[in-house]
Structures are given as structure tokens and as C-alpha cells.
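Q: Take a look at this one; I'll ask things after.
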Amino acid sequence: YEEMVEIDSSPTTGSCTRVVRAAEARLRAASFSGTEAQVIVPEGAPEDGNLVARIEGSNRRAGAILLLAHIDVVDARREDWTRDPFTLYEEDGYFYGRGVADDKAMAAIFLDMFIRMRSENYRPRRTLKLALTCGEETSNRVNGVDYLLRNHRGLIEADFALNEGGDGVLSEDGRPLALLIQVGEKIHQVFELEVTNPGGHSSRPVPENAIYRLSMGLARLSQHQFPVQLSETTRRFFERMAGIVGGDAGAAMAQLAADPNAQAAAAYLSRNPNYNAMMRTTCVATQLDAGHAPNALPQRARATLSCRILQSDTAENVQAALERALNDPQITVRIVRRRDPSPPPPLARRILDPAERVAQRFWPGVPLVPYMLPGATDARFLNAAGIHTYGLSGLFSIPGENNAHGLNERLRVASVMTARAYLDALVREYAATP
Ligand SMILES: [Zn+2]
């Protein structure tokens, strides 16, 4: 963990390849052979290396289990941080450093698990596979999961996969409330809005103006809400969280879980950005670009929309809804780099039941709660390829305290140690099933 955090793997100043070479050296020292553990560096991207490893199961016909973690991190500048972001500090019960939470804790836990299993000569019934991959955080790197699926699918082929995206929730005073398991996520789709105009000299304005027209359309769009659509995962999330959250919000959750058309309950929960994002597709303007000179009427005005689409919806449906909400045929709506749809994995009892049963040994009475992540992870590639992927880390924190992607990223030391024991016990349980 320390070595992994201290090797910078950010896009601007770091290297994923150095991280996976260090991991490879540790696996070799634990007697993993060249076919059992290998580094895969995409052509033309020497710093975007990935590592894949395996422990062969005794039943070759049973599907494999893939343990996935990304080892790239978001940029971090020393001068902005209180401590050096690429030194692992342990202070006041927290680990500090870039990537300690996202996602090097899981990467280190999985790597440590593989080394421990080998030192015990542990032989699972199902084959276990490990993938430590690059390119999750930034689109200017090669996405390791996508690359492996296209070029070395056999190395990560699995019945199902465990990934980031489902953490444990602590109360403000540090009590465990719920263990989330991510079952599905939204699809990030960018749209571009554009108005064009012949323009002219700014000394003789005319009513028809590209900036005004686009702005009025955006004002209408700001009032638009996509309809509430609950999936089986989000319905169960609200059902299970109702009792934990309590109060008015809990009552609204219980109502909505019982009746997806409960409008007042949905409106109440929509005021919370996280619940709102779980209930509906959202689109928000994130960038504007218009005009070409201070003294000229604008010939073009463009806006970028960041849409987070429910997995039951499509980019084309959202495009049509945007056109209706803009209500102006002169504003064109274009899909930018169309994202492929990716279905959610099933809410399968053979996955959820062991996860909850083992959790009871570590956090008695804490429920396992299915969760739909409003953001995006590499699960979208695996689910699209038919490898059902669940987000489950067992890492507990107070929501927001880790500040992943932000300054002074941190994670509770006790959370790392307990998650390590939990995931070890759970993976062995999964690996023993026929
Ligand atoms: Zn991550």
C-alpha cells in the first residue's frame, strides 16, 4: 500500500507502469510464474501499464472471479496539499496521500490477498483473477479494462467481477450504518448545443443573435426535469435506507419504494442532489463558447451538456427530450462521442447473500444496501462485455471525508484493515462455490 501510494501514477507526472512493475516484483517474490502474473503495456502508451494475475482453481469448468482495481490517480500538486501527496502519511487514525481511497486501497488489498493465498498454498475451487489497470480517471490515457477486453480478453474473462463503487457509510459519529454494494451505474454522455448566425458588425445589432438564442434555450432547459425512473436497485436502495435515514427523508424513501409514482415523495427526495441523481437522468450545462471578436455579432454559440443517463435510457431518447425542452429548432443537439449502452448486472442472490452474510461477522446488524452509482466506473466496460460487475469495497467512511480527487485525500486506517479482512473472507467464500 505504501509503495503503491508513493509511486506517482497521475497522468501529468506519473506512471502506471512503475506501479504494476512493483506489484509484479512482489508477485514474483511470492513465486507467481510468468503465466500467472504479467504486465501488459499498450503499444504507444509506455506509462499506461496494467497487471493481470491468476490463481488457478481446482474446477476449471466453474467461471472465474475477477478482482479489479484501477491504479491510476488524479493529478495532485505538492504546493496545494498540506503533506506531500505521494508520501503515505499515517496521522490521527487516517492514511493520507493521493489514491489512498481512490483506488489504491482496493488495489493493495487485492494484491496482498493474492500473495497471502499463495503463501498458504490456497487452492480455490474457482479460478481467481486480478487486474490492476490504468486509465480510469482520465480520458487521455489508455483505459486498461477496455484495452484488455479488446486484446487479451481471456486474461480477465470471468463469471463476475468485484470493483470499486460500493463503500460503507459511517454516521457523523463514526458508527457503521450501511454497507453499499454497487449494482449498476449511470452512463456519462456529452451533448453539444449549437446556434449559428450570419453575424455582422456589432455597431448595428439585429434582434436575431446566436448568444441570446442559445441562452434562452438554456434557460428553458434549466427548468427541465427528466422523469423519475426507479430500477430494482434504486427501489431496494430507498426501501433499505428508509429506516437508516429516518425522519421526513426516510418516510419519503419508504413511500417511493412502495409506489414509484408517489410524486410528493419524489419531489422531496429530489432536493438532495445524490438521491435526485439516483432517480432520474440528469443533464447540466458545463461549458460555453460563443462569438469570435468583441466587435462582431456572434456567428456561433455553443454549450456543452454533461448528461448522466440511467441505464434503462438511451442517448437518442435523451437527445429527443433535450430538443423538446429547448423548444427551438434552430438550436441543434449533437451527441458527442456516443457512449455505448451498458446494462446493469443482475441483483443476484448468489452475489448479494454471501456479501451480506460475511458482512455480519464484521459489522453485526449493518445491512447490505444495493446502490446505483450516479458516477461512472470501469464496470461499464465489463458489464457491456457480459461480465457482471459489482462495486464492493467494505471501506467505511463518513460521506465526503475521503475527498477523493480533491486535496488531502484520506482514508481511515481501521477501515482499510477491516475491509482487507472482509474482502479476503468474502472472496474465499465466493471461490468455494461450484
Ligand atoms: Zn476510482
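Q: Mind pulling the angle between the C-alpha long axis of helix 16-29 and the longest principal axis of the chain? Nearest 10 degrees, somewhere in 0 to 90.
A: With both axes taken from Cα atoms, the answer is about 10 degrees.
Q: Using R₀ = 25 Å, calculate the FRET efficiency as 1/(1 + (r/R₀)^6) where r is the Cβ-Cβ separation of Ala296 and Asn327; round to 0.05.
A: 0.35
Q: Please label the shape of the range 229-276 as rounded, prolate or oblate, based on the square roots a ≥ b ≥ c of the eigenvalues of the alpha-carbon gyration tensor (a/c under 1.5 means rounded; beyond that, a/b larger than b/c means prolate, else oblate). Present the calculation step by step, with values, prior to reporting the outcome.
A: Values: a/c = 1.27, a/b = 1.05, b/c = 1.21.
Because its axes are fairly even, with a/c under 1.5, the range 229-276 counts as rounded.
Q: Would you mind computing, in nm to one decimal, how far apart the modelled labels at Asn140 and Ala251 are, each placed 7 Å from Cα along Cα→Cβ?
A: Taking the simple label geometry, Asn140 and Ala251 are separated by 5.1 nm.
Q: 222 nm [θ] for the chain, helices only, -39500 (n - 2.57) per DSSP H run of 4+, per residue, to 500?
A: On the way: 14 runs with 153 residues, N = 434.
-10500 deg cm²/dmol, from helical runs alone.
Q: Net charge near Ala277: determine it from the other residues with C-beta under 14 Å of the C-beta of Ala277, scoring Lys and Arg +1 and Asp and Glu -1.
A: Working: positive: Lys186, Arg271, Arg280, Arg308; negative: Glu185, Asp313.
Once all neighbours under 14 Å are counted, the net charge is +2.
Q: While we're on this one: May I ask you to derive the FRET efficiency for Glu208 and Asn403 from their Cβ-Cβ distance with R0 = 45 Å, giving the value to the nearest 0.05? It would help to have the intermediate numbers written out before the result.
A: Details: r = 47 Å, r/R0 = 1.04.
Result of the calculation: an efficiency of 0.45.
Q: Net charge near Gly375, counting Lys/Arg +1 and Asp/Glu -1 over other residues with Cβ under 12 Å of its Cβ? The partial results should precede the final answer.
A: Values: positive: Lys186, Arg308, Arg380; negative: Asp102, Glu136, Glu137, Glu164, Glu185, Asp378.
Here the charged neighbours net out to -3.
Q: Treat each spin label as a single point 7 Å out from the Cα along the C-beta direction, and report the Gln229 to Ala421 distance in nm.
A: Those two pseudo-labels are separated by 4.3 nm.
Q: With each pseudo-label sitting 7 Å past Cα toward Cβ, what's the Arg77-Val413 distance in nm, one decimal?
A: 3.1
Q: If you line up the long axis of helix 315-326 against the longest principal axis of the chain, both from Cα atoms, how many degrees apart are they, to the nearest 10?
A: 30
Q: How would you order 167-175, 187-195 from highest to lowest mean count of nearby Cβ atoms within 10 Å?
A: On the way: 167-175: 15.2, 187-195: 19.4.
Result, highest mean first: 187-195, 167-175.
Q: Helix 413-432 versus the longest principal axis of the chain: what angle, 0 to 90°, nearest 10, using Cα atoms?
A: Once rounded, the angle reads 70 degrees.
Q: Which of the peptides 15-28, 250-263 is most tightly packed, and how do the rest follow, judged by the mean count of other Cβ atoms within 10 Å per residue?
A: Numbers: 15-28: 20.5, 250-263: 16.9.
So the order, starting with the most tightly packed, is 15-28, 250-263.
A short reminder: the numbers here are calculations on the coordinates, not readings from a lab. Note that the structure is a prediction, hence the values are computed from the model and not measured. Cβ coordinates were reconstructed from backbone atoms using ideal geometry, including for glycine residues, and neighbour counts include every protein chain displayed.
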